Structure formats: structure tokens, C-alpha cells
Amino acid sequence: MIDLQTPLGSGFGPQTTATEVLTGIDLSGKVAIVTGGHSGLGLETTKALAGAGARVIVAARHPTEAEMATKGLPRVAVEEMNLSDLDSVRSFAERVLAKDLHIDLLINNAGIMACPETRVGSAWEAQFATNHLGHFALTNRLWPALRGGARVIAVSSAGHHNSSIRWDDIQFTRGYDKWLAYGQSKTANALFAVHLDWLGKDDHVRAFSLHPGKIFTPLQRHLTMEEMTVEGWLDASGVPADPTFKTPQQGAATQVWAATSPQLDGLGGLYCEDCDVAVRAETASEPFVGVKVYAADAQEAAQLWALSAASTGVDTFTTVRRDEADGDRTSTAKLPT
């Protein structure tokens with residue numbers, strides 16, 4: 001069997017920018033949603049997509065800030081949405097569906113990293129809830145607008161190397177570790193793309209996850225200078241010291257490439273980095289490169305999907321399949337073989 005989790009030789013690399021991967025690609029008439037599309041990598045993604053002709057809806061927790069950040073960008077609109085509040089996610093999706101648009105690109109970009117222990121919703125750990133469950137519910141609720149041809153992009157991270165899904169204590173009820181919690185949420189992002197792609201490909205919806213690289217953005221807002229110095233990201237005076245860090249424009253490139261590149265036509269469920277399909281971590285010569293086995297496992301992905309549907313109360317795929325006249329399409333209750 002051919003292993004599709006293998007680099008394509010895309011011609012791009014870690015220094016490629018979001019604008020560069022769109023060279024020669026016309027997105028006129030396309031509609032994109034970018035969560036957190038007003039800050040950090042999200043803003044660079046919004047700029048690149050809009051610059052290529054797409055209409056972009058920015059989903060933002062703080063819409064006034066988002067309006068200011070995106071002011072002057074063509075074809076960009078802001079809608080309020082808080083990923084940690086499922087009622088807010090539902091309201092956003094209802095407003096989008098009311099516009100009667102087909103969504104061509106859904107880039108689940110927003111997230112939090114290494115925050116202090118915080119509980120949201122039904123006492124969910126905040127990183128798992130915001131980074132994964134909020135995007136899970138959003139994608140399910142937007143499904144009527146995605147069907148018929150779309151790409152869904154889950155922004156994961158090499159941080160997924162830090163933790164698989166902790167099936168015995170997903171919500172960290174027995175002691176909190178902010179980096180393990182972040183790692184688990186990023187593994188969840190990768191597994192989400194695996195199972196969404198399996199569920200959606202008959203409706204011409206393909207999904208990918210990715211590591212954008214190391215970039216200084218507001219994502220580090222919960223880290224102290226001392227922590228970043230210990231990690232080697234900054235020197236003692238606070239100046240960036242790690243040459244492997246990307247600019248925000250370079251960091252946004254992989255998610256823009258995954259969302260738009262014709263090189264990925266016919267593919268899906270893959271983890272990408274540096275504007276190409278990533279290697280499997282077990283074959284990499286360096287740490288924190290490629291995708292771990294547990295973050296690409298179909299059975300783990302199906303199990304997480306079922307848990308997420310039960311947690312959020314959103315199970316669009318099962319509902320859709322029950323309503324379809326032929327009655328023989330696969331339910332989310334069945335695991336892929």
C-alpha cells in the first residue's frame with residue numbers, strides 16, 4: 001500500500017510566504033472562513049486569501065479589534081464568535097448559513113497555548129475545548145455550506161509530539177500540565193482532520209492538518225520572558241535567538257498552501273509542514289518533525305470524533321445520514337477499517 005503521508009516535493013519550503021504559495025492562483029468567487037483571522041497567522045492568512053480575490057469571513061472573539069485589524073482589506077467581513085462558548089459557535093454558524101453561501105475554505109486557525117488551568121463549558125479543560133471542541137462544533141454546524149466541494153484546514157502544531165489523547169483523563173482532572181494539555185489539543189486537531197476527511201470525501205470535502213512552524217505571535221501571551229529564554233527562543237535581553245523561527249508571513253504559508261494548492265487535489269487527511277506533506281515522525285532525523293503515529297491513526301480519530309460529538313451534542317454527520325433517502329451511507333458510529 002502506498003503511504004500518502006509522504007512529501008510531494010512541492011517546490012516550497014520553510015521560508016516561503018503565504019503570498020508566494022498563491023502565485024498564479026485566482027480565488028475570485030471563493031468564500032473562506034478564518035477563525036482568529038485578525039491576529040498573528042490568521043491575519044496573514046486573511047490578507048493572502050483576500051489578496052488573491054477570495055471573500056473572507058473572519059470569526060473573532062473580539063469583533064471590534066478584528067474590525068480595526070482588517071480595516072481596508074478588500075472583501076473581508078468580521079463576525080463575532082467565541083470558540084469556548086458553544087452557543088456563540090452555533091449563533092455564528094446560523095448567521096453564516098443564513099447568507100446562503102457555499103464555503104470553499106474553512107481554516108480553523110484560532111487557538112490558545114500553554115494557558116493557566118482554566119475551565120470552560122461543561123468543566124472542559126480550556127485548550128482542548130477551544131482548540132478542538134469549538135472547531136469540531138463549528139465545522140459540523142457549517143456542514144450544509146461545505147458540502148459539494150471544500151477544504152477544511154485544522155491548524156495543529158509540532159506540539160502534538162508532547163501528548164497523545166489522554167483517554168483516561170482528557171480534562172486533566174488529576175493534575176494540570178499546560179504543555180501536555182496543549183499537546184493533546186494539537187493531537188486532537190490532527191485526528192479531527194483524519195476523520196473529517198474520511199467522513200466528507202464522498203461530498204467532495206477534504207481536510208488537512210498542519211504545523212505552521214515556530215513564530216512569534218500573540219499565541220505566546222501566556223508565556224513569560226523567562227520561559228521563552230529557557231526554551232532558547234529569546235536571549236537574556238529579550239531579542240529573538242532561535243534562527244528556526246519564521247516570520248508571520250512564512251508561518252501562514254502552510255495553512256494557505258493546504259487550503260488552496262492544486263498539488264493536494266485528490267488527497268486528504270494528511271498532516272503538512274513547510275508547505276508540503278510532512279514525513280512520519282518515526283522516520284525523521286530531528287525531534288518535533290513530522291506527524292506522530294497516534295496523531296494520524298484512523299481508529300484514534302474515530303474514537304475522538306465520537307467523544308467530541310457526545311461532549312458537544314453536535315453530531316451533524318449522523319443526522320445527515322439518517323435523513324438521506326438511500327439510507328446506506330456510513331454513520332459516524334462505525335469505525336473506518
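The values are calculated or read from the model by the stated rules, or taken from the named source; none is laboratory data. No experiment lies behind these values; they were computed from the predicted model shown. In this analysis, Cβ positions are derived from the backbone assuming ideal geometry, glycine residues included, and neighbour counts consider all displayed protein chains.
If the condition is being surrounded by 14 or more Cβ atoms within 10 Å (Cβ to Cβ), of a type in the set (Val, Ile, Thr) and either without any contact (Cβ under 8 Å) to a residue 12 or more places away in the chain or part of a helix (DSSP H, G or I) (or both), then the range 228-252 contributes only Thr229.
What are the residues in the range 1-26 that are touching a residue at least 12 places away in the same chain (Cβ under 8 Å), in a loop (DSSP other than H, G, I, E, B) and aliphatic (A, V, I, L, M), if any? Passing the criteria: Leu4, Leu8, Leu22, Ile25. How about the range 280-290: which of its residues are surrounded by 12 or more Cβ atoms within 10 Å (Cβ to Cβ) and either at pLDDT below 95 or in contact with an Asp or Glu (Cβ under 9 Å, 6 or more places away or on another chain) (or both)? Selection gives Arg280, Val289, Gly290.
Restricting attention to the range 291-310 and to residues that are closer than 15 Å to Phe208 by Cα and of a type in the set (A, V, I, L, M, F, W, C), the residue that is surrounded by the most Cβ atoms within 10 Å (Cβ to Cβ) turns out to be Val291.
Residue check: is Arg151 under 16 Å from the mean Cα position of the chain (by Cα) and among the charged types (D, E, K, R)? Yes: the conditions hold for Arg151. Here the range 204-222 is the region considered, the condition is being in a loop (DSSP other than H, G, I, E, B) and modelled with pLDDT of 75 or more, and the residue that is nearest to Asn109 (Cα to Cα) is Pro212. For Gln171, the conditions (1) over 22 Å from Ala301 (Cα atoms); (2) without any contact (Cβ under 8 Å) to a residue 60 or more places away in the chain; (3) touching a helix residue (DSSP H, G or I) at 6+ places or on another chain (Cβ under 9 Å); (4) not in a helix (DSSP H, G or I) all hold with the exception of (1).
Here His102 fulfils each of the conditions (1) surrounded by 18 or more Cβ atoms within 10 Å (Cβ to Cβ); (2) closer than 21 Å to Ala258 by Cα; (3) more than 19 Å from the chain's Cα centre (by Cα) apart from (1).
Residues are listed down the side, and each one gets a yes or a no for (1) surrounded by fewer than 24 Cβ atoms within 10 Å (Cβ to Cβ); (2) in a helix (DSSP H, G or I):
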position: Pro144; (1), (2): yes, yes
position: Gly148; (1), (2): yes, no
position: Ala154; (1), (2): no, no
position: Asn189; (1), (2): no, yes
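Can you pull out every residue in the range 217-232 that is of a type in the set (A, V, I, L, M, F, W, C) and in contact with a helix residue (DSSP H, G or I) (Cβ under 8 Å, 6 or more places away or on another chain)? Walk me through it before giving the result.
At the first step, the residues of the range 217-232 found to be of a type in the set (A, V, I, L, M, F, W, C) are 219, 223, 225, 228, 230.
Hits for the range 217-232 are Leu219, Met228.
Looking only at residues that are among the hydroxyl-bearing types (Ser, Thr, Tyr) and outside any helix (DSSP H, G or I) in the range 37-95, which one is nearest to Ile112 (Cα to Cα)? Before you say what the answer is, go through the steps one by one.
Here is the first cut: in the range 37-95, the residues among the hydroxyl-bearing types (Ser, Thr, Tyr) are 39, 45-46, 64, 70, 84, 88, 91.
Going one step further and asking which of them are outside any helix (DSSP H, G or I), we end up with 39, 84.
Numbers: Ser39: 12, Ser84: 10 Å.
Only one residue fits best here, namely Ser84.
Can you find even one residue in the range 115-128 that is of a type in the set (Lys, Arg) and either outside any helix (DSSP H, G or I) or buried (at least 24 other Cβ atoms within 10 Å of the Cβ) (or both)? Yes, the range 115-128 contains at least one residue that is of a type in the set (Lys, Arg) and either outside any helix (DSSP H, G or I) or buried (at least 24 other Cβ atoms within 10 Å of the Cβ) (or both). When Lys201 is tested against the conditions (1) farther than 27 Å from Glu80 by Cα; (2) in a helix (DSSP H, G or I); (3) in contact with a helix residue (DSSP H, G or I) (Cβ under 6 Å, 6 or more places away or on another chain), the lone failure is (3).
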